[in-house]
Amino acid sequence: MRFLVALFLILIIAGASSAQSPSVTRIEVVEAGIYQAASRRIEDRPGLATGTFATFSGVALAEATTRIQGRLGTLFGFRFRAIGSPPNAKIILKRVNHIPQPGMRNPKHRKYICQRGV
């Protein structure tokens, strides 16, 4: 009987530990720099600062660098891997964009729409 009680307790503890919520302990940057895309699609989105939203496909790293020249049409960014437990768990990431003053300007309206603190 003690054996069955011990086995039952072990199963309960194992089940509780496998039901834990995912946790990320660190982020590893895999690559960073200037990217190229095979194609892009632009949609009108009036609620956004520029009024449009671009979706890219076939994205690949063109040049690994940490310095990006400010040129219209340059794609830049980074790829990363989230490390944590349990492995391969789905996680939710929060993205924060810090936009320096005076903010982002909609080229069609010439108004600053996205300002810090707004």
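Summary of values
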quantity: Added length on full extension, which subtracts the Cα-Cα distance from 0.36 nm per residue, residue 55 to residue 39; calculated: 4.9 nm
quantity: Taking 76, 56 and counting other C-beta atoms within 10 Å, the order from fewest to most; calculated: 56, 76
quantity: Stretchable slack from residue 74 to residue 26, in nm (0.36 nm times residue separation minus alpha-carbon distance); calculated: 14.4 nm
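No lab work stands behind these numbers, since they all come straight from the coordinates. Just so you know, these numbers come straight off a predicted model, no measurement behind them. Here Cβ is always computed from backbone atoms with ideal geometry, including for glycine, and neighbour counts include all displayed protein chains.
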